[in-house]
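Rule-based calculations on the coordinates, nothing more; no lab input. The shown structure was predicted, so the numbers you read here are calculated from the model rather than taken from an experiment. Don't worry about glycine lacking a Cβ; one is built from the backbone with ideal geometry, like all the others, and counts go over all protein chains shown.
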Amino acid sequence: MIEATNLSKRYGDKLAVDSISFTVEPGKVTGFLGPNGAGKSTTMRMIVGLDRPTSGHVTVNGKPYAQHASPLTEVGSLLEAKAVHTGRSARNHLRALAATHGIGDARVTEVIEMTGLDSVAKRRVGGFSLGMGQRLGIAAALLGDPRTLILDEPVNGLDPEGVLWVRNLVKYLAREGRTVFLSSHLMSEMALTADHLIVIGRGRIIAAGPVQEIVDRSTRASVQVRTPHAARLAELIAGPEVTITSSESESLVVVGATAPAIGEAAAAAGIALHELTPVRGSLEDAFMSLTQDTVEYHSTFGHDAPQDAPAASTDVPAPGQEASR
């Protein structure tokens with residue numbers, strides 16, 4: 001379990017983390033979300049003793065990290081995948097870490113196999129792609145078979161197979177009763193992986209709770225309607241609390257009216273419906289709504305971009321290929 005109480009961190013004039021309190025419980029995957037500069041990485045660094053809090057305190061499994069006699073068996077962390085000696089092989093990097101805790105070579109081999117590093121275990125880490133570096137970082141975090149796992153952007157640079165593997169791994173570890181705390185900027189992946197969320201903005205917690213609960217209270221559900229009589233139906237269901245938009249002549253998106261109410265209004269008027277689909281808000285919608293006033297670095301593309309601006313690439317690496325940034 002991770003417990004933070006009134007945790008703050010100041011760097012000169014900048015208050016990076018502002019008196020936050022939270023608990024990360026065992027048996028579930030807790031996601032840590034926030035815009036760039038929100039204080040996520042600083043918070044994670046304070047948990048494992050890499051940064052000293054300006055005020056407040058944080059414990060892992062009942063103690064400050066530095067007070068654990070065998071920290072690798074208590075907490076496994078991936079905070080900076082490239083924090084390795086680039087001249088060492090992956091195996092020797094892990095063996096050096098293992099030696100600090102009397103962990104044998106058998107466990108080193110086990111985490112190498114678990115993370116898919118078998119074929120590159122003897123290669124120097126300096127030649128690794130971003131994705132392979134992430135796998136090595138996860139292997140190091142798992143080395144002590146820890147009770148608590150802290151992962152900062154663990155799927156960064158991984159191919160689709162690697163992303164799926166991380167998702168299944170953290171869910172499996174949580175089911176074993178371990179504490180799992182991870183951050184990611186991939187909202188779709190976090191929606192599939194996390195059970196509970198902590199959302200931070202400008203150093204303060206702005207939301208916390210089960211994933212669907214946060215989505216439901218931060219977004220408005222809509223109803224997708226298709227009918228040859230869209231204009232007439234829109235007139236029937238219009239009201240002060242109802243918002244209706246249309247991108248096609250026979251299509252409506254309705255916010256503020258339920259699917260049963262729309263269906264009953266259509267039936268009473270003899271209007272045929274070709275589609276009546278409730279649409280729940282997404283985690284991405286909820287995140288954007290929650291953090292819109294806390295984003296430190298704003299971009300203009302997508303808001304005022306010209307109509308003929310190029311679309312963002314959606315290419316992803318093929319399964320089995322790691323991204324090499």
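General remarks:
- Amide H contacts under 5 Å for Val180, placed H, 5+ residues apart: Gly27, Lys28, Thr30, Leu149
- For the stretch 127-132, putting each phi into the Karplus relation 6.51 cos²θ - 1.76 cosθ + 1.60 with θ = phi - 60° gives couplings of x, 6, 6, 4, x, 5 Hz, in residue order, rounded to whole numbers and with x for Gly and Pro.
- Amide hydrogen neighbours beyond the local backbone of Asp159, cut-off 5 Å, H modeled: Ala323
- Using just its DSSP H runs of length 4 or more, each adding -39500 (n - 2.57), the chain gives a mean residue ellipticity at 222 nm of -9000 deg cm²/dmol after division by all residues.
- Extension gain, Ala267 to Ala238: 0.36 nm times the residue separation minus the Cα-Cα distance gives 8.9 nm.
- Extension reserve of the Asn168-Arg204 stretch, reckoned as 0.36 nm per residue once the Cα distance is removed: 10.0 nm
- Förster radius 22 Å - calculated FRET efficiency between Asn6 and Asn61, Cβ distance, rounded to 0.05: 0.65
- Thr54-Arg88 pseudo-label distance in nm [points 7 Å out on the Cα-to-Cβ vector]: 3.5 nm
- Residue among Leu158, Gln67, Thr23 farthest towards the positive dipole end of the chain, charges placed on Cβ: Gln67
- Nonlocal amide H pairs with Arg204, under 5 Å, H built at 1.01 Å: Asp18
- Using 0.36 nm per residue and subtracting the Cα-Cα separation, the extra length available between His68 and Ser282 on full extension is 73.1 nm.
- Computed from backbone phi with θ = phi - 60° and the Karplus coefficients 6.51, -1.76 and 1.60, the 3J(HN,Hα) list for the stretch 164-172 is 4, 4, 4, 4, 5, 4, 5, 5, 5 Hz; x is used for glycine and proline.
- Footprinting exposure proxy for Phe181, Phe22, Phe128 (fewest neighbouring C-beta atoms within 10 Å first): Phe22, Phe128, Phe181
- Mean separation of Cα contacts under 8 Å, 6 or more apart, over the residue count of the chain: relative contact order %: 21 percent
- Note on Leu186 and Ser21: with the Förster distance fixed at 25 Å, the Cβ-Cβ geometry gives a FRET efficiency of about 0.40.
- For the stretch 128-176, the Cα-based Rg and Dmax, in that order, read 10.6, 31 Å.
- Between Arg280, Arg135, Arg202, the Gaussian network model of the chain with springs among Cα atoms under 10 angstrom shows the greatest mean-square fluctuation at Arg280.
- Loop GluC sites (Glu not before Pro), the stretch 1-84 (other Cβ atoms within 10 Å of the site Cβ: 16 or fewer; DSSP): Glu80
- Calculated FRET value between Arg220 and Ser246, using beta carbons and R₀ = 22 Å, to 0.05: 0.80
- Estimated vicinal HN-Hα couplings, Hz - the stretch 272-284 in sequence order (Karplus 6.51, -1.76, 1.60; Gly, Pro = x): 6, 10, 9, 7, 8, 10, x, 10, 7, x, 9, 5, 4
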